[in-house]
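Asks: There's a structure below that I have some questions on.
The values are calculated or read from the model by the stated rules, or taken from the named source; none is laboratory data. Here the structure is a predicted model, which means the values were calculated and not measured. Using ideal geometry, Cβ is built from the backbone for each residue, glycine included, and neighbour counts are taken over all protein chains shown.
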Amino acid sequence: MRVEMFTFLLAGAICLGGALGVVLLKNPVHNALSLVATLFGVAVLFVNQGAYFLAAIQVIVYAGAIVILFLFVIMLLGVDRETDEGREPLVAQRPLAVATGLAILGLSLVALLSAGQRATGDKADLAPLNQPGPDINHLAEVLFTRYVYAFEITAVLLTVAVVGAVVLSKRTNEPLIDLDEFPEGTVVDVRRRADDAKAQDEVDADAEVVAVPDTEGDPQEGGDD
Amino acid sequence: MTAAVLQNVLASVGGLPSIEFSSVAPSIILALGGVLLLTVVSVTKDKLPVWFPAVWTISAAVAALCTVFRLWIRVGKWGNLSLISGAVGLDRFSLFVIGTLCVSVVMGALLLEGYLRREDLEGPEWYVLLLLAAAGGTTMAAANDLIVLFIGLEILSIAVYILSAMHRRRMSSLESGLKYFIHGAFASAFLLYGIAMVYGATGSTNLARISTFLADNVITQNGLMLGGIALMLVGFAFKVAAVPFHQWAPDVYQGAPTPVSAFMAAAVKTAAFAGMIRVFVLALGPTYRDEWRPMVLALAVLSLLVGSVMALVQTNVKRMLAYSSIGHAGFILVAVHSSTAMGTSAALFYLLSYTFMVMGSFGVVAVVGRKGDGHHQLSDYRGLGRIRPGLALAFTIFLLAQAGVPLTAGFLSKFYVIRSAIDSGDTALGVVAMLAAVIAAFLYLRVIVAMYFEGEPGDEVAPVKVPAAVSVAIGIALAGTLLLGIVPDPVTHAANEATAELVAPRR
Amino acid sequence: MTAVWLIPALPLLGFVTLVVLGRKFGDPGAGIFAACMVGLSFLGTLGVFAHLLSLPHEERAISQTLFTWISSGSFKVSIGFLADPLSITMCLFITGIGALIHIYSVGYMKGDPKFSKFFVYLNLFVASMLLLVLGDNLLLTFLGWEGVGACSYLLISFWFTDPKNASAGKKAFVTNRVGDFGFMLATFLVWVTLGTVNYEQIRPLAPGLAAGTATAIALLFFLGATGKSAQLPLFVWLPDAMAGPTPVSALIHAATMVTAGVYLLTRLSPIMAEAGWANDVVAWVGALTALVAACAAIAQNDIKKVLAYSTVSQLGYMFLAVGTQSYVAAVFHMITHASFKALLFLGSGSVIHAMAHEQDMRKYGNLRKYLPITYATFMVGWLAIAGIPPLSGFWSKDEILAGVFNAKTFGNLALWVIGMAVALLTAFYMTRQVIMTFFGEEKWRHAEVDAHGHELHADEEDAVDDHDHHHLTPDHTPHESPISMTLPLVVLAGAAAVAGLLNLPFGDPLKFLEHWLEPTIVGEHELPPGWVQALLSLAAVAVAVIGILGARAVYFQKKVDPAKIEKPVFAHAWYIDETYAKFMGGPGETAFEDVAQFDQKIVDGAVNGIAGGTVGLGNRLKGLQTGLVRTYGLGMAIGAVALLAYVVTRIGG
């Protein structure tokens, strides 16, 4: 009992510490690593509950695969520099956000703790999971009987996600058409990139013109296009 | 594992569930339609005519609609059923909603067809996502289990997040998709947290079991249950864009490609309300209505007033429609708030009417947006009555319907909603709803002024072209809006029959 | 002959046909077609009228249900028409005067670029108005009510392409929405308490209403009526509505639509009978409106504005009659007023037409020489409205005043005094108008008319912008209008002269209208004994003559400086409009925009939790970069906190 309690506290601390790290650290790489800590803590909590299979999956899939993927992306896109979050133009935003966050936490705690020892009103549907035997079997039972429909439609969800990922990550060279709807001083990065692209195009166009000196007419004319 | 062990396992869970595929036929047809379309298109690259995906999508939606009619009759014979281990509820309520969703897919596909051609965008993925989104919506509508409901919601939402961002050349489309995604994820987290708390309190995610448990037991320490209810309400209120969870809506509606805004307004709202009614009215209605009704009341009143007032001061027509959709959400919340069979059928009638009205409105907006989808200011409607009298007249009718003028669908839907409020003794709420309707009437005034009284001949920014597919969609919407307003009886009848019921799963 | 539905269907058919083919019919084809449709509808009404007459007294009501519109549970509403003496009376003058005004418009609108569109709206208006009066339930009446409102709004703004000038239309829309809200709430109350909105079903149920409920219903319907019929406090839109073409002013803003409120309350006389002090409110509001508007009318210089305020004032009379339960007198005055006011408006239209669209009476004078037919018919209208026997206005006004004198209404004698004062003012301002227009010197001959003596109202200058701009030059020679315009004038003059025959006070058999309407109206009122009535009539005639002579002294013989009478407070209609505008935070049209601004800043600012936040494109886009996303997220979180806080208070409960 005391060991379980000790493990719970330790794992809980790791989870919370990791979560705070995700939110507060400035370097994206550090954020991602903090997330690993949180997920690891959750895995330990699963072990503590005797859900070994879930613990293993937690480590392999989330900590192992997903966060590592995050790290790849962060490093490949080269956004692994510190972001400046020091300035906050909206005066009341941060204090209000902190207060609201605390209020949600506090009120949820009140709701949860008011239930005391009898938080769960009924024997859970997942009672089979608590039977002796390898938990992977029990999990499979529940998944393929009671939750079989949910399990199957998750496939549709994944399909949507894949289609979306492919569609949105397709590169396009076409220029943005609504930049002038945005007022001066906004979307600076995008504008700069658009200008760069235009300049590049012009350079390319000039290069083409230079490369084909045989064409009739004044090459300068073509360059103006 | 030996066969004997398997036998043991099966015996312990009461046998493998039978999966009655026919009962979820609409969802299957829509989802399969989406996946097959993806396959067909990728195999026969560039050999299919441009109209192919749209026709495919419409066929799938119509096929799904046909199965809805078949199932409607079947339910009439056999009564309401709970199928696939109690995950799916087959009743006329879910069928009505599924039918409504199919209608919005048909019109959405028609609008997309014209839109994608005009904007030179490549097509099939749009339709794939449209079909998959609808499959998610139908799943929600028939969900008898909170997990199924949540997954359905996510399928629908993620598909629509992507659709919002899919006009690659419009920065505001990307912005819209991103904003919708971030806020939507935030709201989903609330919903999931709420589901977890309800599960904790009742020991089940199955709506029928939750309902039975709550009926048989009084939870003395109800903090967990109540917390769960509040958080689930946050999640649903976000999806239907109810005040104060609405701020995303104007930005997202404005930025998203216009046919997607249409689909968002019609289908997402329909599915989310269906889920909300299943959870709140059916599962929690008998036992916890006193707890959730005041919250829904507050959301309804705020949505009605903020939606109507804010719609008036917009100069961007898409934003205007977004705010008016918030007001409409307020009306439907009034029906949900009554928590009666009458309220449910009022909500259903409203959702179908709203699907026609809003699809038609956005159809006109999509056309007037012209190439580039950027002409959505009120000033872009100047002189529309002169250059496109038919289009202007259609838009006027849609706006009149939204304002609730008699002989349009909008009047009756508002009427039924107010009636359900009165019936459950909330006269004051009915009066607020009427006040909101009066305020909202100014909406059409502003657009009519722009269309008929402003602008000189020849000062149009660009000609307005109405593609054939879009005019078909607007025609369908117009027919629906007027028919529901003039001869509403068949639909009213169906909506009255479409009461939902939670049937406990066989076990 | 029970094809009641044909009556509104014919103008509707005209509307649909003209929408499709209007341009092809062209000028004047479209106008003639539209006039024919209304004319046919008039014939249909005559047919139904004859049929009703052939029925026994108590059975004179044809109820015709086309189909069930809404059925939910025990509550049913059908698309159905009720042709009874009241509705058919209304239909007769709506279609009759409507047809004449259509004919007149063919001449008046000749050459207008939007000729066919004008008749599209006009036909739609007639159809809606007929639906309003023929509908057998409150919802259909409401539909017609909204329809006529929309047409009125469209026609007021007919000549305006500049959005700034559409403000008159907007004002009509806004004030009418306030009234509509009253109508909706009242319908709603009727439905909640009686379970039906059908007139024939309301009738037997109404006596069972609690007095408080009936009063509330009556007051809310009256609120609706004050909007549509331009009574205090919502009358401000009607004078501005004169910005529309003159036939529109005659048809919609004088003869038909504005009487809808009177019709409504008459139709609901079973409820009014139970409504107690609501009737006093109606009578007093009517009387005060009549007085306020009559005062305003004496100081207007725009020929149409005089008539507009006069209309408001006469409508006040009708409500005074309704409030004192003299429904027959109200309907009687409605009919006579429809004929003589339509006549006066069309006459003024003829004058405006002849004077190159100049509406300022200070530039008229001696027109009787140039416009003999207009002059002669205008004289009939003038004497009728002034209350000179035996012309129609005298009889109906007399009946109202006699009813008031003997009514049990709170302060009935004071009401009677006000009524007499209004009669005097009416005679005065109408005489003033006639003298300024048809007598005296030809003032447009002077190069510059001195406009400084009178302060021109800002809106008045808008109204002067009627139609396209020709300038009235000193060498202008007015010409009489074409036959299509003078013919309706002559017919209407005939009607205005003899309409009094409908209900003569000389003994029971001569009260045709009263017997005719009897089955439809609930409400008792007693007229004073014969000799009192005779004295009252004499007094009324005396007052009218004093008014006429007074105006003659001021404007013809110039014994008194007009400025002493035409106080600015009258010219500005007691500054009521200005007060509204100020109250809203800005003058005229901007008031509405300001309210909107307020909502935008306060409501949105509060919701977003940003002090002084402004929405709109700029902010939205700022959000793209710095991420208003988090502000929205914060808004959602605050909402979640509110809901959680609420449920926490319910824990254990």
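Asks: Under 6 Å between Cβ atoms, at least 6 apart or on separate chains: pull out the pairs that start in segment A:101-115 with a residue that is more than 8 Å from chain B (Cβ to nearest Cβ) and end on any residue that is in a helix (DSSP H, G or I) and loosely packed, with under 14 Cβ neighbours inside 10 Å.
Replies: none
Asks: How many residues, within segment B:375-392, are facing chain C (nearest Cβ under 10 Å) and touching a Leu at 6+ places or on another chain (Cβ under 9 Å)?
Replies: Summing the residues that are facing chain C (nearest Cβ under 10 Å) and touching a Leu at 6+ places or on another chain (Cβ under 9 Å) in segment B:375-392 gives 1.
Asks: Considering only residues that are surrounded by fewer than 18 Cβ atoms within 10 Å (Cβ to Cβ), out of contact with any Asp or Glu (no Cβ under 9 Å at 6 or more places or on another chain) and aliphatic (A, V, I, L, M), which ones fall in segment C:196-218?
Replies: C:Leu205 - this is the single residue of segment C:196-218 that is surrounded by fewer than 18 Cβ atoms within 10 Å (Cβ to Cβ), out of contact with any Asp or Glu (no Cβ under 9 Å at 6 or more places or on another chain) and aliphatic (A, V, I, L, M).
Asks: Do we find that C:Ala376 is more than 24 Å from the chain's Cα centre (by Cα), at pLDDT 90 or above and closer than 26 Å to C:Lys443 by Cα in this structure? Break it down into steps so the answer makes sense when it comes.
Replies: On the way: more than 24 Å from the chain's Cα centre (by Cα): yes; at pLDDT 90 or above: yes; closer than 26 Å to C:Lys443 by Cα: yes.
Here the answer is yes, as C:Ala376 does meet what is asked.
Asks: State all residues of segment A:1-46 that are among the β-branched types (Val, Ile, Thr) and free of Cβ contacts under 8 Å to residues at least 40 places away in the same chain; if no residue qualifies, say none. Step through it out loud before you land on a result.
Replies: Pass one, segment A:1-46, residues among the β-branched types (Val, Ile, Thr): A:3, A:7, A:14, A:22-23, A:29, A:36, A:38, A:42, A:44.
Hits for segment A:1-46 are A:Val3, A:Ile14, A:Val22, A:Val23, A:Val36, A:Thr38, A:Val42, A:Val44.
Asks: Moving on to the next point. On the basis of being within 17 Å of B:Tyr354 (Cβ to Cβ) and at the interface with chain C (Cβ under 10 Å from one of its Cβ atoms), does B:Leu400 make the cut?
Replies: Yes: the conditions hold for B:Leu400.
Asks: Just for segment B:240-272: of the residues that are more than 16 Å from B:Ala311 (Cβ to Cβ) and among the hydroxyl-bearing types (Ser, Thr, Tyr), which one is surrounded by the most Cβ atoms within 10 Å (Cβ to Cβ)?
Replies: The selected residue is B:Thr270.
Asks: Determine, yes or no, whether C:Ala30 is more than 14 Å from every other protein chain (Cβ to nearest Cβ), closer than 28 Å to C:Glu200 by Cβ and out of contact with any strand residue (DSSP E or B) (no Cβ under 8 Å at 6 or more places or on another chain).
Replies: On the way: more than 14 Å from every other protein chain (Cβ to nearest Cβ): yes; closer than 28 Å to C:Glu200 by Cβ: no; out of contact with any strand residue (DSSP E or B) (no Cβ under 8 Å at 6 or more places or on another chain): yes.
Here the answer is no, as C:Ala30 does not meet what is asked.
Asks: Would you call B:Val103 more than 14 Å from chain A (Cβ to nearest Cβ) and at pLDDT 85 or above?
Replies: Numbers: more than 14 Å from chain A (Cβ to nearest Cβ): yes; at pLDDT 85 or above: yes.
Yes.
Asks: Now for a different question. Can you say whether B:Phe411 is crowded, with 24+ Cβ neighbours inside 10 Å, of a type in the set (Phe, Trp, Tyr) and either assigned to a loop (DSSP other than H, G, I, E, B) or within 9 Å of another protein chain (Cβ to nearest Cβ) (or both), as far as the supplied structure shows?
Replies: Working: crowded, with 24+ Cβ neighbours inside 10 Å: yes; of a type in the set (Phe, Trp, Tyr): yes; either assigned to a loop (DSSP other than H, G, I, E, B) or within 9 Å of another protein chain (Cβ to nearest Cβ) (or both): yes.
Yes; evaluated as a whole, the condition is true for this residue.
Asks: Now for a different question. Suppose we filter A:Val29, A:Val67, A:Val44, A:Val36 for residues that are closer than 23 Å to A:Asp135 by Cα and in a helix (DSSP H, G or I); which single one remains? Spell out the reasoning first.
Replies: Values: A:Val29 fails: closer than 23 Å to A:Asp135 by Cα; A:Val67 fails: closer than 23 Å to A:Asp135 by Cα; A:Val36 fails: closer than 23 Å to A:Asp135 by Cα.
Unique residue meeting the criteria: A:Val44.
Results for (1) closer than 18 Å to C:Leu424 by Cα; (2) modelled with pLDDT of 80 or more; (3) buried (at least 17 other Cβ atoms within 10 Å of the Cβ), shown as yes or no for each residue.
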position	(1), (2), (3)
C:Leu504	no, yes, no
C:Asp508	no, no, no
C:Leu513	no, yes, yes
C:Thr520	no, yes, yes
C:Pro528	no, no, no
C:Ser537	yes, yes, yes
C:Ala551	yes, yes, yes
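Asks: Suppose we keep only residues that are polar (S, T, N, Q) and not in a helix (DSSP H, G or I) within segment C:190-229. Which one would you say is nearest to the chain's Cα centre (by Cα)?
Replies: Initially, segment C:190-229 is screened for residues polar (S, T, N, Q), giving C:193, C:196, C:198, C:201, C:213, C:215, C:226, C:229.
This time we only want the ones that are not in a helix (DSSP H, G or I), so: C:196, C:198, C:229.
Values: C:Thr196: 28, C:Asn198: 25, C:Ser229: 4 Å.
Within segment C:190-229, the match that is nearest to the chain's Cα centre (by Cα) is C:Ser229.
Asks: Quick one: in segment B:128-156, which of the residues that are polar (S, T, N, Q) and either assigned to a helix (DSSP H, G or I) or surrounded by fewer than 24 Cβ atoms within 10 Å (Cβ to Cβ) (or both) is farthest from the other protein chains (Cβ to nearest Cβ)?
Replies: So in segment B:128-156, the residues polar (S, T, N, Q) come out as B:138-139, B:144.
Still in the running and either assigned to a helix (DSSP H, G or I) or surrounded by fewer than 24 Cβ atoms within 10 Å (Cβ to Cβ) (or both): B:138-139.
Details: B:Thr138: 10, B:Thr139: 6 Å.
Filtering segment B:128-156 for residues that are polar (S, T, N, Q) and either assigned to a helix (DSSP H, G or I) or surrounded by fewer than 24 Cβ atoms within 10 Å (Cβ to Cβ) (or both), the one farthest from the other protein chains (Cβ to nearest Cβ) comes out as B:Thr138.
Asks: Given (1) in a helix (DSSP H, G or I); (2) surrounded by fewer than 23 Cβ atoms within 10 Å (Cβ to Cβ), identify the lone condition not met by C:Pro11.
Replies: (2)
Asks: Answer with yes or no whether C:Val282 is under 21 Å from the mean Cα position of the chain (by Cα), crowded, with 24+ Cβ neighbours inside 10 Å and under 20 Å from C:Val248 (Cβ atoms).
Replies: no
Asks: Go through (1) farther than 20 Å from A:Leu113 by Cα; (2) modelled with pLDDT under 90 and name the single condition B:Val218 misses.
Replies: (1)
Asks: Got a sec? Which of C:Gly653, C:Gly613 is out of contact with any strand residue (DSSP E or B) (no Cβ under 9 Å at 6 or more places or on another chain), at pLDDT 50 or above and more than 7 Å from every other protein chain (Cβ to nearest Cβ)? Lay out the reasoning, then the answer.
Replies: Working: C:Gly613 fails: at pLDDT 50 or above.
The unique qualifying residue is C:Gly653.
Asks: Among the residues of segment B:157-186, how many are facing another protein chain (nearest Cβ under 7 Å) and part of a helix (DSSP H, G or I)? Explain how you work it out, then say what you get.
Replies: Step one: of segment B:157-186, the residues facing another protein chain (nearest Cβ under 7 Å) are B:158-159, B:162, B:165-166, B:168-172, B:175, B:179, B:182-183, B:186.
Narrowing further to those that are part of a helix (DSSP H, G or I): B:158-159, B:162, B:171-172, B:175, B:179, B:182-183, B:186.
Number satisfying all stated conditions: 10.
Asks: Sticking with this one: Please verify whether segment A:115-122 includes one or more residues that are out of contact with any helix residue (DSSP H, G or I) (no Cβ under 9 Å at 6 or more places or on another chain) and at pLDDT 70 or above.
Replies: no
Asks: Scan segment B:199-257 residue by residue and report those that are more than 10 Å from chain A (Cβ to nearest Cβ), assigned to a loop (DSSP other than H, G, I, E, B) and on the phi < 0 side of the Ramachandran plot.
Replies: Result: B:Val240, B:Ala242, B:Val243, B:Pro244, B:Phe245, B:His246, B:Gln247, B:Ala256, B:Pro257.
Asks: Related question: Residue under question is B:Ile73, and the condition is that it be modelled with pLDDT of 95 or more and either surrounded by 24 or more Cβ atoms within 10 Å (Cβ to Cβ) or aliphatic (A, V, I, L, M) (or both); does it hold? First the steps, then the outcome.
Replies: On the way: modelled with pLDDT of 95 or more: no; either surrounded by 24 or more Cβ atoms within 10 Å (Cβ to Cβ) or aliphatic (A, V, I, L, M) (or both): yes.
Considered against the rule, which asks whether it is modelled with pLDDT of 95 or more and either surrounded by 24 or more Cβ atoms within 10 Å (Cβ to Cβ) or aliphatic (A, V, I, L, M) (or both), B:Ile73 comes out as no.
Asks: Right, here's the next one. Suppose we keep only residues that are touching a Gly at 6+ places or on another chain (Cβ under 9 Å) and of a type in the set (Phe, Trp, Tyr) within segment C:38-68. Which one would you say is surrounded by the fewest Cβ atoms within 10 Å (Cβ to Cβ)?
Replies: The extreme case among them is C:Phe67.
Asks: May I ask you to list the residues in segment B:85-122 that are of a type in the set (Val, Ile, Thr) and part of a helix (DSSP H, G or I)? Outline the logic, then answer.
Replies: First, pick out the residues of segment B:85-122 that are of a type in the set (Val, Ile, Thr): B:88, B:97-98, B:100, B:103, B:105-106.
The answer is B:Val97, B:Ile98, B:Thr100, B:Val103, B:Val105, B:Val106.
Asks: Let me ask another. Restricting attention to segment A:23-76, which residues are in contact with a Ser or Thr (Cβ under 7 Å, 6 or more places away or on another chain) and buried (at least 16 other Cβ atoms within 10 Å of the Cβ)?
Replies: To start, the set of residues in segment A:23-76 that are in contact with a Ser or Thr (Cβ under 7 Å, 6 or more places away or on another chain) comprises A:25-26, A:44, A:48.
Residues satisfying the conditions are A:Val44, A:Asn48.
Asks: Taking the condition within 12 Å of chain A (Cβ to nearest Cβ) and assigned to a helix (DSSP H, G or I), does B:Thr270 pass?
Replies: Details: within 12 Å of chain A (Cβ to nearest Cβ): no; assigned to a helix (DSSP H, G or I): yes.
So B:Thr270 fails the test.
Yes/no matrix, rows are residues, columns are (1) at the interface with chain A (Cβ under 10 Å from one of its Cβ atoms); (2) of a type in the set (Gly, Ala, Ser); (3) touching a strand residue (DSSP E or B) at 6+ places or on another chain (Cβ under 6 Å); (4) buried (at least 24 other Cβ atoms within 10 Å of the Cβ):
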position: B:Gly86; (1), (2), (3), (4): yes, yes, yes, yes
position: B:Phe93; (1), (2), (3), (4): no, no, no, yes
position: B:Ile98; (1), (2), (3), (4): no, no, no, yes
position: B:Tyr115; (1), (2), (3), (4): no, no, no, yes
position: B:Glu122; (1), (2), (3), (4): yes, no, no, no
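Asks: Please find, among B:Ser173, B:Ser204, the residue that is of a type in the set (S, T, N, Q) and in contact (Cβ under 8 Å) with a residue 40 or more places away in the chain. Can you show your working first?
Replies: On the way: B:Ser204 fails: in contact (Cβ under 8 Å) with a residue 40 or more places away in the chain.
The unique qualifying residue is B:Ser173.
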